[in-house]
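Sharing a structure here in structure tokens format.
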Amino acid sequence: MQNALQIVYLIPLLPLIGFLINGLGRKHLSKSLIGLIGSGVILASFVLSIWVFLQVKGGNTHIAHYFNFIKVGDLTIPFAFQIDQLSSVFLLIITGVGFLIHVYSTSYMHEEKTEHFGRYFAYLNLFVFSMLLLVMGANYVILFIGWEGVGLCSYLLIGYWFKKPEYNKAANKAFIMNRIGDLAFLIAIFWIITRAGSVNFNDVFAVAKGEVEFRAFKPVDITVVTLLLFIGATGKSAQIPLYTWLPDAMAGPTPVSALIHAATMVTAGIYMIARSNILYSMSAVTMNVVAYVGLATALLAATIALKQNDIKKVLAYSTVSQLGFMFLALGTGNYVAAVFHVMTHAFFKALLFLGSGSVIHAMGGEQDIRNMGGLSKKLTITYVTFLIGCIAISGIPPFSGFFSKDAILLSAFEHNKILYGIALFTAMLTAFYMFRLLFITFSGKFRGTQEQEHHLHESPAAITIPLIILAVLSIVGGFVGVPEALLHGGDRLGEFLAPVIAPAKHASPVSHNTEYGLMALSSILVIIMIIFAWFKFRNYRRSEATGFGKVLENKWYVDELYDKIIVNPLHKFGGFLKSVIEKSVIDGLVNGVGKAVNYGSRQLRLLQSGQAGSYVLLMVLSMLLVFVVQFFLRK
Amino acid sequence: MIPVLLILLPLLTGLVTFFIKDEKTARSWALLASIATLAVSLLGLTVMNDATHLAHKAQWLQTIGSSFSVKVDGMGQLLCLLTAISFPLIFLSTWHSNYKKANNFFALMLLGQAGLMGVFVAMDALLFYFFWELALIPMYFLASQWGGEKRIKATFKFFIYTFVGSVLMLIGILYLQSKTPDHSFALQSFYNLSLPKGTQNWVFWLFFVAFAIKMPVWPFHTWQPDAYEQSPTATTMVLSGIMVKMGLLGVIRWLMPVLPVASYQNGDMVMSMAVVGIVYASLIAIRSDDIKRLIAYSSIAHIGLMCMALFAENKSGMQGVMIQMFNHGINIIGLWIMVEVIERQYGTRKLSELGGLAQKAPVMAIFFVIVALANIALPLTNAFAGEFLMFNSLLSAKTSYLYAILFTVFAGLGIILAAVYTLNMIRKIFFGELTALTANAQDIKLNEKLVMGIIVILVFWFGVYPQALLNITDELSQVLVNKMEISHLLRKQ
């Protein structure tokens, strides 16, 4: 086999096989075998993905058509994969980071019972399978299959410890919130079908560009479709108003959080919009909505993250916030920057989550940072890698986060100075809450119990090696997208993606000097925030939040608001329908009719049993009617 | 040949069953008979898949213009296959249930099967009516003799509803027959009728109410949760998995092509009723504590969507309904099997009294979760393609643009609400801590594993390759949609 593109189906198929083996054999296989199979299939997919990537880099793209999934009338939905620049980048991220998370899990989950261990790895493989389907699909329907698939897997994994009711509730919430978005996505697909008569990306974009006879999108169609798709993305990628499931999703095991936040799931929305960039660029209205919703989410989540005390919650809100940045990039037309940030974010967010897992592991399950402190001495590798993650997410050059965030800030600046101002402010908050987390956790005195202190230890190699690899990637990952101002031809990612994503339109291009100025400004402000955090939190002492801090700690009471205005009224309305309308009104009417018939039939009833009587009555009446009609017909 | 066998096999074996006094023998006999019927149905799909084998016509009540005309068309293929697959699964899964007078129970079940097969293949209106009653009557007895505590009340309500429906339909059939030039009950003669608008309208409602009760469509549905709750589970499976399709088949074969103008004109009305039903039933399902009632209401919502898709009057909807009739049957039977196990083991169907079963019965949990998620049309399960096509049909429904959007959005709420009640049900049954009732739980038995295994295979097979089902009904759907298309020509004149 000379061409990897002919066997791309193996990339999702291998994790699916891993899922089946581990799922069906979970009671019969040993833990090491389960771990080996679970990680092995992902590694194999990763190797294939590299091969595919090299092919694509050499200029080969490919649409692999397998069979017709649905064919009705003029509508044909093939089961087909599209391998091009965009999907190959995502393939690398998903399988690469996914593989590290699998390796990490073999150690992290080792105390689980064997059958649950098998179940865990089966779900993990299924998750990767769904995500691969999502990015490989050559049309919106295959994308949607993966889209719902990751929703299902997140549901299964968030509720992995199924004995705890609140975990199951979090799992339900994730699935249902995602389904709200999915509905919008579905309607968008139907809308596309009515206009383009096809769901294949290439066909749809051709119609949008006006290259197809007799088929056309009107501007309003484009706006409706892109907005609906965007609503779908707010569900999957946790944006306002559908973001509240993601922080609750922390109920799952920590490596799962890393998988959801870094390699799979939440990046789906970004991928989908980047994939549809041709449509999005045609609707200014949608672009503005995307940009503003993204920015608002980034800011809102960052404010909440300031006051959270659960190590994973802080990271969760930071993900919501970083996703907001990515949507800001999309909304300002800089799709490449969004994909770039997906990539760097995958590195440092996986690193941070896995690092937090190492901390939680060492602390014997403790997640509250108020009970930590001073961990840097005992957990050296975890500390250093976590520090690297914090620097990367804060955007200090030359760490990876700097380059991707800089690209986003720059396009915001070119777009609108107010957007830029708020984005910059949010970036400052990011640095502040991340270093707050770092200092409270790793500096100062240990505040936990003696038993915990005694138990503190660095994690084993299966945990630290993925951390080190991710740390290296978090440092150097940004060099694929060095801005033109710093290095001529440095934006290699942008060049690579150019065939799929038209290069960003520069509304009002800025000079290189302005660019240097902006970079310096953001770097200096971020460093100031870090120093500020150092003074504030290096010797943290616990204190209750008050006033506005309380509002932030309670996440602006958004969950409570949703309960009050949506969940509870619907619940009450359902109860009203059940006990009043159904019982009294409709059934009352029917029973009235029933009583009347019953009364009438009593006169005719010959048999004692009500049932047999009714039955005979029916037959008699039917026969009578036949005879009567026959009589009329004869005439 | 095939359709005659499909009717006669269960009919004759059913009659014989009355005389088998030994319970075990009766049960085995019924299972064997149903497997034989399945074999015939599969033959009709594969080897004997041609016109000579799939149609049959004989003389019957010639004086009044009726003949024994039966034919297995694309829709017949799917529904007969569903019926043929379901009965062995039902018998197998309820293998350990004990019935008083088991011979009568199994005999009535098989008679019901014969009636159902007849309904699905009858090409003569009187014959259709005859089988319609033949299918229903055994169900009354099954529900009233072997049902739950409140069976008498539930059966009576069921009876009243269907009685009203039957009478209305009979009047409609007789009226249409009188209007045909050759005074014939043949389906083709009905198709050749072109009645004036006004007449079509009132005849439409005669038929529609009969079929709406059977499906059921809101607000004609209140017999259904009671009947499902009170009937023995084997009967409930027949009622909900197969019998509701009688109503849909009625609309597809006997109503819309016969009265295309009225069907078009009343489309908005019907779709509005159905969409109200979807939201209404879904909300009640969320508040239901009894698993049987929850599934009953969820079924109302699902059938409501199928009814809407039919009146969207396009091929996407028609094909979606065709395959969904099959897949919905498979999934809901799977759900009932699980409910039966739960009720038999723990003596309760109340969600509030269950919990933590996944610890004790992991295999059951897996099967339940798979069929429950298939029931809410997760992609790559069998219900997805049908639901996708049906929703797709709504947005391009033959109605005003605004209505089409509203219908799609409100029906779409059903997708979200379905996730709510399904996940809540799963959570309350399987997750959390064990309760007093579930502490001594056992996992499902071999026969149940076997049946659920078959169902899960069907779920994924037709989930990954729905085209296999779509191919069967493709031609018929096109013909039917073309028949409805005529209505728009009429309207413009």
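The values are calculated or read from the model by the stated rules, or taken from the named source; none is laboratory data. Bear in mind the structure is a predicted one, so any value in this text is a computation, not a measurement. Cβ placement follows ideal geometry from the backbone for every residue including glycine, while neighbour counts extend to all protein chains displayed.
Hey, among A:Leu624, A:Leu552, A:Leu633, which residue is more than 9 Å from chain B (Cβ to nearest Cβ), more than 30 Å from B:Ala418 (Cα to Cα) and at pLDDT below 80?
A:Leu624
Does any residue in segment B:133-147 that is more than 20 Å from B:Met215 (Cβ to Cβ) come within less than 6 Å, Cβ to Cβ, of a residue that is surrounded by fewer than 19 Cβ atoms within 10 Å (Cβ to Cβ) and of a type in the set (S, T, N, Q) six or more places away or on a different chain, and which pairs are these?
Qualifying pairs under 6 Å: B:Ser144/A:Gln611.
Yes/no per residue for (1) within 14 Å of chain A (Cβ to nearest Cβ); (2) more than 20 Å from the chain's Cα centre (by Cα):
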position: B:Asn314; (1), (2): yes, yes
position: B:Gly317; (1), (2): yes, no
position: B:His328; (1), (2): no, no
position: B:Ile333; (1), (2): no, no
position: B:Arg344; (1), (2): no, yes
position: B:Gln359; (1), (2): yes, yes
position: B:Pro362; (1), (2): yes, yes
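Could you run through segment A:269-297 and say how many residues are farther than 14 Å from A:Thr332 by Cα and of a type in the set (Val, Ile, Thr)?
1
Please go through segment B:262-279 and give me each residue that is under 18 Å from A:Phe573 (Cβ atoms) and surrounded by 24 or more Cβ atoms within 10 Å (Cβ to Cβ), ordered by number. If you could, list the steps in order and put the result at the bottom.
Looking only at segment B:262-279, we keep the residues that are under 18 Å from A:Phe573 (Cβ atoms), and these are B:275-279.
B:Val275, B:Gly277, B:Ile278 - these are the residues of segment B:262-279 that are under 18 Å from A:Phe573 (Cβ atoms) and surrounded by 24 or more Cβ atoms within 10 Å (Cβ to Cβ).
I'd like to check something: does segment A:40-52 contain any residue that is more than 26 Å from B:Val464 (Cβ to Cβ) and surrounded by 23 or more Cβ atoms within 10 Å (Cβ to Cβ)?
Within segment A:40-52, none of the residues are more than 26 Å from B:Val464 (Cβ to Cβ) and surrounded by 23 or more Cβ atoms within 10 Å (Cβ to Cβ).
Any residue at all in segment A:203-222 that is assigned by TED's automatic domain parsing to the domain that holds A:Ile93, under 23 Å from the mean Cα position of the chain (by Cα) and part of a helix (DSSP H, G or I)? Full working, then the answer.
We begin by selecting, within segment A:203-222, every residue assigned by TED's automatic domain parsing to the domain that holds A:Ile93; these are A:203-222.
From the residues that got through so far, the ones that are under 23 Å from the mean Cα position of the chain (by Cα) too are none.
No, that holds for no residue.
Right, another one. Where the second residue is among the aliphatic types (A, V, I, L, M) and part of a loop (DSSP other than H, G, I, E, B) and the first is within 14 Å of chain A (Cβ to nearest Cβ) and lies in segment B:283-312, which pairs have Cβ atoms under 9 Å and are six or more apart or on separate chains?
Hits for this filter: B:Ser298/B:Ile376; B:Ile300/B:Met215; B:Ile300/B:Val217; B:Met308/B:Ala397; B:Ala309/B:Ala397; B:Ala312/B:Ala397.
Residue-by-condition table, conditions (1) surrounded by 13 or more Cβ atoms within 10 Å (Cβ to Cβ); (2) under 30 Å from B:Arg293 (Cβ atoms); (3) among the polar types (S, T, N, Q); (4) touching a helix residue (DSSP H, G or I) at 6+ places or on another chain (Cβ under 6 Å):
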residue	(1), (2), (3), (4)
A:Phe479	yes, no, no, no
A:Ala520	no, no, no, no
A:Trp534	yes, no, no, no
A:Tyr562	yes, yes, no, no
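A further question on this structure: Would it be correct to say that B:Leu394 is crowded, with 21+ Cβ neighbours inside 10 Å, modelled with pLDDT of 90 or more and within 12 Å of chain A (Cβ to nearest Cβ)?
yes
Could you go through segment A:420-440 and let me know if any residue there is surrounded by 18 or more Cβ atoms within 10 Å (Cβ to Cβ), within 14 Å of A:Val359 (Cβ to Cβ), assigned by TED's automatic domain parsing to the domain that holds A:His341 and in contact with a Ser or Thr (Cβ under 8 Å, 6 or more places away or on another chain).
No.
Go through B:Trp60, B:Trp29 for me and flag whichever is at pLDDT below 90 and of a type outside the set (Gly, Ala, Ser).
Numbers: B:Trp29 fails: at pLDDT below 90.
So the residue among B:Trp60, B:Trp29 that is at pLDDT below 90 and of a type outside the set (Gly, Ala, Ser) is B:Trp60.
Let me ask something additional. Go through (1) under 30 Å from B:Ile472 (Cβ atoms); (2) more than 11 Å from chain A (Cβ to nearest Cβ) and name the single condition B:Leu354 misses.
Looking at each condition in turn, B:Leu354 falls short on (1).
I'd like to know if segment B:158-169 contains one or more residues that are over 23 Å from B:Ser298 (Cβ atoms) and either over 23 Å from the mean Cα position of the chain (by Cα) or more than 13 Å from chain A (Cβ to nearest Cβ) (or both).
no
In segment B:364-381, which residue that is under 18 Å from B:Tyr421 (Cβ atoms) and in a loop (DSSP other than H, G, I, E, B) is nearest to the other protein chains (Cβ to nearest Cβ)?
B:Leu378
While we're on this one: Within segment A:371-380, identify whether any single residue is in a helix (DSSP H, G or I), over 26 Å from the mean Cα position of the chain (by Cα), farther than 19 Å from A:Ile465 by Cα and modelled with pLDDT under 90, and answer yes or no. Even if it seems obvious, please write down each step before you answer.
Step one: list which residues in segment A:371-380 are in a helix (DSSP H, G or I), which gives A:371, A:380.
Applying the additional criterion that residues be over 26 Å from the mean Cα position of the chain (by Cα) yields A:371, A:380.
Those left that are additionally farther than 19 Å from A:Ile465 by Cα: A:371.
Those still in the list that are modelled with pLDDT under 90 too: A:371.
Yes - at least one qualifying residue is present in segment A:371-380.
While we're on this one: Which residues, counting only those in segment A:93-141, are hydroxyl-bearing (Ser, Thr, Tyr) and either under 24 Å from A:Leu470 (Cβ atoms) or assigned by TED's automatic domain parsing to the domain that holds A:Leu467 (or both)?
A:Thr95, A:Tyr104, A:Ser105, A:Thr106, A:Ser107, A:Tyr108, A:Tyr120, A:Tyr123, A:Ser130
May I ask you to say which residue of A:Leu186, A:Leu157, A:Leu229 is crowded, with 22+ Cβ neighbours inside 10 Å, on the phi < 0 side of the Ramachandran plot, within 11 Å of chain B (Cβ to nearest Cβ) and more than 12 Å from the chain's Cα centre (by Cα)?
Only one candidate qualifies: A:Leu186.
Yes/no per residue for (1) surrounded by fewer than 24 Cβ atoms within 10 Å (Cβ to Cβ); (2) small (Gly, Ala, Ser); (3) in contact with a Leu (Cβ under 7 Å, 6 or more places away or on another chain); (4) closer than 30 Å to A:Tyr280 by Cβ:
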site: A:Val320; (1), (2), (3), (4): no, no, yes, yes
site: A:Leu323; (1), (2), (3), (4): no, no, no, yes
site: A:Gly331; (1), (2), (3), (4): no, yes, no, yes
site: A:His341; (1), (2), (3), (4): no, no, no, yes
site: A:Ser356; (1), (2), (3), (4): no, yes, yes, no
site: A:Leu387; (1), (2), (3), (4): yes, no, yes, no
site: A:Pro398; (1), (2), (3), (4): yes, no, no, no
site: A:Ile408; (1), (2), (3), (4): no, no, yes, yes
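Further question: Being outside any helix (DSSP H, G or I) and among the basic types (Lys, Arg) is the filter here, so list the residues in segment A:474-523 that pass it.
A:Lys505
Just a yes or no: is a residue in segment A:124-132 more than 9 Å from every other protein chain (Cβ to nearest Cβ) and more than 19 Å from A:Phe46 (Cβ to Cβ)?
No: zero hits.
State the number of residues belonging to segment B:44-81 that are in contact with a Phe, Trp or Tyr (Cβ under 7 Å, 6 or more places away or on another chain), within 19 Å of B:Thr180 (Cα to Cα) and of a type in the set (A, V, I, L, M, F, W, C).
2
Continuing with the same structure: Taking the condition of being surrounded by fewer than 15 Cβ atoms within 10 Å (Cβ to Cβ), among the aliphatic types (A, V, I, L, M) and within 28 Å of B:Met390 (Cβ to Cβ), how many residues in segment B:440-478 meet it?
2
Within segment A:53-75, take every residue that is exposed (fewer than 14 other Cβ atoms within 10 Å of the Cβ) and within 14 Å of chain B (Cβ to nearest Cβ) and give me the one that is modelled with the lowest pLDDT.
A:Asp74
I would also like to ask the following. For segment B:167-187, give me the residue count where each residue is crowded, with 21+ Cβ neighbours inside 10 Å and in a helix (DSSP H, G or I).
7
Given the condition surrounded by fewer than 16 Cβ atoms within 10 Å (Cβ to Cβ), out of contact with any helix residue (DSSP H, G or I) (no Cβ under 8 Å at 6 or more places or on another chain), over 28 Å from B:Ala186 (Cα atoms) and of a type in the set (D, E, K, R), answer yes or no: does some residue in segment B:23-41 qualify?
yes
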